[in-house]
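The values are calculated or read from the model by the stated rules, or taken from the named source; none is laboratory data. The structure displayed is predicted, hence computed values, not measured ones. When we count neighbours, we look across all protein chains shown, and the Cβ atoms used for this are built from the backbone with ideal geometry, even at glycine. Accessible surface is based on the protein model in full, side chains and every heavy atom, while ligands, DNA and RNA are left aside. Shrake-Rupley method; radii C 1.70, N 1.55, O 1.52, S 1.80 Å.
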Amino acid sequence: MKFSQNAQTVLNRRYVIRDEEGKPAETPEQLFRRVARSIAECDRAFDENADIEALAERFYDMMTSLEFLPNSPTLMNAGRPLGQLAACFVLPVEDTLDGIFESIKQAALIHKSGGGTGFSFSRLRPRGSPVNTTGGVASGPVSFMRVFNSATNAVKQGGTRRGANMGILNVQHPDILEFISCKDDKDDFTNFNISVALTEEFMAAAATGGEYDLIDPRTDERVGKLNAGDVFGRIVESSWRTGEPGIIFIDRMNADNVLPSRGKIEATNPCGEQPLLPYESCNLGSVNLLAMYDGNGGVNWDKLSATVRDSVHFLDNVIEANRYPNELIAQTTRGSRKIGLGVMGFADLLLKMGIPYNSESAVEVAGRVMSFISSAARDASRELAKSRGAFPLFAESTLSAGEPMRNATVTTIAPTGTLSIIAGVSSGIEPIFGLTFVRTVMDGDRLVEVNPVLTDVLNERGLLNDQILEDIRQSGSLTGIPEDMANVFVTAHDIAPEWHIRIQAAFQRHTDNAVSKTVNFPGDASPADIRSAFELAHSLGCKGVTIYRDGSRSEQVLTRETPGSGQETGQPEPDKFVKPRPRPEVTTGFTERVKVGCGNLYVTINYDENGVCEVFTNTGKAGGCPSQSEATARLATAALRAAVDPQCIIDQLSGIRCHSTIRQSGLKALSCPDAIAKVLAKVVDHRNGKIRTEEENPAAKPGAPACPECGAELTHAEGCAICRKCGYSRCN
């Protein structure tokens, strides 16, 4: 198999079967054998003489040669008792208490099985509307979103992946202004991405500064007007500040709805690329475009065609193999048999071809490659329909005038965060995020490595040597590299937003569903820059936009790191243990009372002339969990005396939430560890001559964020925070 050490680590950590003690019970090779066999077995339903062994071998080769990978639930669950293989679900939210809590129940089951859910809250009556059954008034969509968010928090602990949601509200809903700003508090709606569904009527009004109607969804009557330009400005301002909400051009999605007889598209999956009807689900997969490079400056079209054909076959079989969360989802999904084949490694392919991402040539390649994939995928679906039949609702679909199709949709550009780590390529259609990356090896040493495609190209040009690699490692730039190469190896933060959007639009023109893509902005971008990007995306035919302005969230997403950053001088050799220094005879310190979920916690931070050196905690009369807070304090003390940067400890402890904080107000900390982080941050600032306000985030600092599981840097792409070392992801 071609898997890198990093890929094998991710597979062993997140995908392989584990025994009762949590130890791996299969190898990565056995994992792919399991998946290939399980999916190939479905051919027997259509042909009792099917050569299952040969097909399983073809699927296995396709995955282990990294030419194609299915979505994570398929890798995790195929051939296992749970058997839920789809990634994307949309559930309706009806304007009744029974309907709301039925959706919460179904979402919990989906999250438990590894899927993500999308909801439109546009059917819920506005805040303040009368509720006849109780004589009270409605609390509105945003209030009920909090209930969905809390349910996701409760369920995520038991699964292998954190539950993720998309919350959508139509711009005509009377509560739209409250929705736009609902994620201003970073601790609110932590399990949601949010997007505003914009109509074409609204966009036309926004362009002229005109007004538009607000519609009560309960009565379908006009209940007011707002200035479209002002509302659009609020969306822009919030996106500039926090990265959310994203925007979805809902009329455009419904124009491509192949089953309008079954209802309107109201929502998408958590990253916005898969619009679905209520109770539909979809399984996704991605072709590795780097693996399609012909070695001579172009694409191996024959190989790409064969890979697409087998991928469509694989994904259609997944619909048969899948064990759905409930029968209604099963029936709705099998009625349309939607699949979503996309790509990864697009930026790497451009690098191999010598084409800058920010160029007309790249836009042309994007369109040509996706047009080819779309055509080949449709041909494969038509071929399957000849032996298996068209999707059951074909006769009432918008496709009914043409040749029968096995699948109502065949293409989607999805996020490939963890999959691209396994494949060792750039994520989805995103540009590369840096010329170097840091690998942490088993002994804790940090090795700076150069982008493998850059290394390959240097070697092909006869320029590869130890000195040039060392120069790149030290500087993180292409100093001394020929100018034509330097122009090609551009990173996400070097690329103007216009090119991000033009690449997205080029893929969208040949994609049935939608495209997941993050438009990166520098930290000094203005709200006007964001507005221009939104307007450009609309004019170029995109179905939605997600932006990220560098530094706009507390989870700073820079992935580029200069070698040696964060390293202290005089560190011990990496093969020796670091021993904490002895406790000083005399220390100076502070004690602060912090209100946590189970009462008061008293946190003492002490320091001497060499720096902060110890942490003590004591619980108040209310009790709580003194043993755990003491354990945290002791470990923090050991780290401080071992010369660990206090900011590292603050980063790791900040934001940890205890179950006892749910629904409590007036708390100063989310948990005992979070309280320790807050007090430690104050003491560090005091010693540095800075006064920190209560509102400041003790973990906020320039540089890359730490993964909560392994401590490596997080990147932000396609609406997700992704760790490229261990595969952790959080898509909200």
Practice task
Return the residue satisfying two criteria in turn: it lies in the stretch 61-86 and is farther than 19 Å from Val308 by Cβ and hydrophobic (A, V, I, L, M, F, W, C), and of such residues it is modelled with the lowest pLDDT.
Solution key: Leu82
Practice task
Tell me, please, whether a residue that is modelled with pLDDT under 75 and open to solvent by 50 Å² or more (accessible area, probe 1.4 Å) can be found in the stretch 598-607.
Solution key: no
Practice task
Determine if the stretch 396-415 includes at least one residue that is under 19 Å from Phe68 (Cα atoms) and open to solvent by 20 Å² or more (accessible area, probe 1.4 Å).
Solution key: yes
Problem - Restricting the stretch 486-524 to residues that are surrounded by fewer than 18 Cβ atoms within 10 Å (Cβ to Cβ) and in contact (Cβ under 8 Å) with a residue 60 or more places away in the chain, the residue that is nearest to Gln467 (Cα to Cα) - result: Asn487
Practice task
Consider Ala631 carefully, then state whether it is modelled with pLDDT under 90, in a helix (DSSP H, G or I), closer than 18 Å to Lys678 by Cα and of a type in the set (A, V, I, L, M, F, W, C).
Solution key: yes
Practice task
Identify, by number, the condition in (1) surrounded by fewer than 21 Cβ atoms within 10 Å (Cβ to Cβ); (2) touching a residue at least 60 places away in the same chain (Cβ under 8 Å); (3) touching a Ser or Thr at 6+ places or on another chain (Cβ under 7 Å) that Thr190 doesn't meet.
Solution key: (3)
Practice task
All but one of (1) within 25 Å of Leu304 (Cα to Cα); (2) touching a residue at least 12 places away in the same chain (Cβ under 8 Å) hold for Gln8, so report the exception by its number.
Solution key: (1)
Handout entry: Count of residues meeting criterion [in contact (Cβ under 8 Å) with a residue 40 or more places away in the chain, over 30 Å from Pro141 (Cα atoms), open to solvent by 10 Å² or more (accessible area, probe 1.4 Å) and not in a helix (DSSP H, G or I)] in the stretch 72-92
Key = 3
Fill in the blank from the handout: Here the residues within the stretch 208-222 that are touching a residue at least 40 places away in the same chain (Cβ under 8 Å) and open to solvent by 80 Å² or more (accessible area, probe 1.4 Å) are Arg218
Exercise for the section: Tell me, yes or no, whether the stretch 235-252 has at least one residue that is out of contact with any Cys (no Cβ under 9 Å at 6 or more places or on another chain), open to solvent by 10 Å² or more (accessible area, probe 1.4 Å) and more than 20 Å from Ile176 (Cα to Cα). Expected result: no
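Rundown of residues vs (1) farther than 24 Å from Glu102 by Cα; (2) in contact with a His (Cβ under 9 Å, 6 or more places away or on another chain); (3) open to solvent by less than 20 Å² (accessible area, probe 1.4 Å), yes/no style:
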position	(1), (2), (3)
Leu290	yes, no, no
Thr307	yes, no, yes
His313	yes, no, no
Pro325	no, no, no
Ser336	no, no, yes
Exercise for the section: Check the stretch 99-108 and report whether any residue there is out of contact with any Pro (no Cβ under 8 Å at 6 or more places or on another chain), closer than 29 Å to Ser426 by Cβ and surrounded by fewer than 19 Cβ atoms within 10 Å (Cβ to Cβ). Expected result: no
Fill in the blank from the handout: Sole miss for Ala255 among (1) in contact with an Asp or Glu (Cβ under 8 Å, 6 or more places away or on another chain); (2) open to solvent by 20 Å² or more (accessible area, probe 1.4 Å); (3) within 29 Å of Met405 (Cα to Cα) is condition (1)
Practice task
Can you tell me which residue within the stretch 446-478, out of those that are under 15 Å from Thr491 (Cα atoms) and among the hydroxyl-bearing types (Ser, Thr, Tyr), is modelled with the lowest pLDDT?
Solution key: Ser475
Practice task
Output the residues belonging to the stretch 522-535 that are out of contact with any Phe, Trp or Tyr (no Cβ under 7 Å at 6 or more places or on another chain), farther than 18 Å from Leu198 by Cβ and not in a loop (DSSP other than H, G, I, E, B).
Solution key: Ala528
Problem - Inter-residue pairs, beta-carbon under 8 Å, first part of a loop (DSSP other than H, G, I, E, B) and in the stretch 582-595, second of a type outside the set (Ser, Thr, Tyr) and open to solvent by 70 Å² or more (accessible area, probe 1.4 Å), 6+ apart - result: Pro584/Asn610
Handout entry: Among the candidates Leu177, Leu276, residue that is open to solvent by 10 Å² or more (accessible area, probe 1.4 Å) and hydrophobic (A, V, I, L, M, F, W, C)
Key = Leu177
Problem - Residue among Glu221, Glu280, Glu201 that is touching a Ser or Thr at 6+ places or on another chain (Cβ under 6 Å) and acidic (Asp, Glu) - result: Glu280
Fill in the blank from the handout: Selection from the stretch 117-148 of residues closer than 20 Å to Tyr279 by Cα and in contact (Cβ under 8 Å) with a residue 60 or more places away in the chain yields Thr117, Gly118, Phe119, Ser120, Ser122, Arg123, Leu124
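Residue-by-condition table, conditions (1) open to solvent by 10 Å² or more (accessible area, probe 1.4 Å); (2) in a helix (DSSP H, G or I); (3) at pLDDT 95 or above:
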site	(1), (2), (3)
Leu304	no, yes, yes
Asn317	no, yes, yes
Gln331	yes, yes, yes
Val343	no, no, yes
Ser361	yes, yes, yes
Exercise for the section: Please verify whether the stretch 93-104 includes one or more residues that are within 30 Å of Gly340 (Cα to Cα), out of contact with any Cys (no Cβ under 9 Å at 6 or more places or on another chain), of a type in the set (A, V, I, L, M) and assigned to a loop (DSSP other than H, G, I, E, B). Expected result: yes
Exercise for the section: Give Pro325, Pro275 a once-over and let me know the one that is under 25 Å from the mean Cα position of the chain (by Cα) and modelled with pLDDT under 95. Expected result: Pro325
Practice task
Exactly one condition in (1) modelled with pLDDT under 95; (2) of a type outside the set (Val, Ile, Thr); (3) in contact with a Leu (Cβ under 9 Å, 6 or more places away or on another chain) is not met by Phe232; state its number.
Solution key: (1)
Problem - Meets criteria (surrounded by fewer than 18 Cβ atoms within 10 Å (Cβ to Cβ), touching a Phe, Trp or Tyr at 6+ places or on another chain (Cβ under 9 Å) and not hydroxyl-bearing (Ser, Thr, Tyr)) for Val147 - result: yes
Practice task
Select from the stretch 634-654 the residues that are among the polar types (S, T, N, Q) and either assigned to a helix (DSSP H, G or I) or under 20 Å from Pro582 (Cβ atoms) (or both) and write down the one among them that is most open to solvent (accessible area, probe 1.4 Å).
Solution key: Gln652
Practice task
Select from the stretch 162-195 the residues that are within 18 Å of the chain's Cα centre (by Cα) and of a type in the set (A, V, I, L, M) and write down the one among them that is modelled with the lowest pLDDT.
Solution key: Ala164
Completion exercise
Within the stretch 20-67, residues open to solvent by 80 Å² or more (accessible area, probe 1.4 Å) and not in a helix (DSSP H, G or I) come out as Glu20, Glu21, Lys23, Glu48, Asn49, Asp51
